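Read-outs: derived from the displayed coordinates by stated rules, not from any lab. The structure presented is a predicted model; accordingly, all values stated were derived computationally and were not measured. Here the Cβ positions follow ideal geometry from the backbone for every residue, glycine too, while neighbour counts run over all protein chains shown.
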């Protein structure tokens with residue numbers, strides 16, 4: 001009971017007007033979450049996940065930075081459904097939120113991906129975020145910045161869970177290969193890294209498909225030299 005009262009006090013201070021109080025309360029929450037003895041019932045889980053996601057948008061950078069740090073222990077202390085809900089909210093911030101909140105949403109999503117430790121949670125997270133990352137990479141609307149953030153996160157996802165994503169390999173490849181011809185060097189560079197991470201778990205047929213597409217790009221003599229260099233790098237990464 002005392003622990004619940006203390007947590008209620010922390011959560012109240014986290015939403016206060018005073019930046020210093022919000023910082024200290026978020027620091028107190030981080031300390032609580034890192035305790036082995038910390039337990040949360042379903043009501044507290046909802047409050048914690050909502051307030052931390054809200055805190056990521058805090059105007060004070062030191063407060064939002066602490067909120068990101070809270071995510072790592074929180075992922076281990078709440079239900080899988082709550083983790084998936086947070087991942088979905090972060091994807092929405094990344095794709096549809098304000099520009100100034102995009103970087104922190106990206107870091108937060110990477111934090112969640114890094115902390116996923118069970119196969120069942122991994123599968124749930126993949127089902128939730130993969131279609132949204134593909135939309136951010138291959139959709140008609142996203143800016144270069146959104147594409148780059150989505151490619152960065154997808155690279156982390158593929159590096160950690162590529163073998164669990166066989167059902168999506170062809171879809172991912174179809175989204176990524178066109179980005180090798182992007183006019184933006186940053187998009188092309190991150191795409192090479194993504195496809196390289198994907199390649200290690202691709203079937204022989206899909207690996208052949210990727211290689212044929214890149215070779216076709218190289219045979220286009222009217223292609224800009226920088227695009228040719230990207231596709232040469234891609235061939236090296238696929239070997």
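With a 10 Å Cβ neighbour count serving as the proxy for reagent exposure, in which order, fewest first, do 86, 165 appear?
Details: 86 25, 165 18.
Listing 86, 165 from fewest to most nearby Cβ atoms yields 165, 86.
Any idea how far apart residue 37 and residue 79 come out in nm if each label point goes 7 Å out from Cα toward Cβ?
2.6
Return the single residue from 215, 116, 187 with maximal mean-square fluctuation; model: Gaussian network over the chain, springs between Cα atoms under 10 Å.
Among 215, 116, 187, the largest mean-square fluctuation in the Gaussian network model of the chain belongs to 215.
Divide by every residue of the chain the summed helix terms, -39500 (n - 2.57) for each DSSP H run of at least 4, and state the resulting mean residue ellipticity at 222 nm, rounded to the nearest 500 deg cm²/dmol.
-25000 deg cm²/dmol
Taking every pair of Cα atoms in segment 118-239, average 1/r, invert it to obtain the Kirkwood radius, and report Rg/Rh to two decimals. Before the final figure, lay out each step's value.
Numbers: Rg = 14.0 Å, Rh = 14.5 Å.
Radius of gyration over Kirkwood radius for segment 118-239 works out to 0.96.
By how many nm would the segment from residue 100 to residue 54 lengthen if fully extended, with 0.36 nm per residue of separation less the alpha-carbon distance? Don't jump to the answer; show the numbers that get you there.
Details: separation 46, 0.36 × 46 = 16.56 nm, distance 1.40 nm.
Working it through step by step, the gained length comes to 15.2 nm.
How far apart, in nm, are two points set 7 Å out from the Cα along the Cα-to-Cβ line at residue 27 and at residue 117?
If labels sit at residue 27 and residue 117, their model points lie 2.7 nm apart.
What value in Å³ per residue do you get for the convex hull of the alpha-carbon atoms in segment 12-105?
Once divided by residue count, the hull of segment 12-105 is 87 Å³.
How far is helix 204-219 tilted, in degrees, relative to the longest principal axis of the Cα atoms in the chain, given as a value from 0 to 90 rounded to the nearest 10?
60
Taking neighbour Cβ counts within 10 Å as the exposure measure, how do 159, 169 sort from fewest upward? Mind dumping the intermediate values first?
Details: 159 15, 169 19.
Least to most surrounded, the residues fall as 159, 169.
Gaussian network model of the chain, Cα springs within a sub-10 Å range: biggest mean-square fluctuation belongs to which of 135, 69, 35?
35
Taking the chain as a Gaussian network, Cα atoms linked when under 10 Å apart, which of 37, 79, 186 shows the biggest mean-square fluctuation?
The residue that fluctuates most here is 37.
Just need log10 I(q)/I(0) for the chain at q = 0.15, 0.16, 0.17 Å⁻¹, Debye formula, equal scatterers on the alpha-carbon atoms, no solvent, rounded to two decimals.
-0.98, -1.06, -1.15
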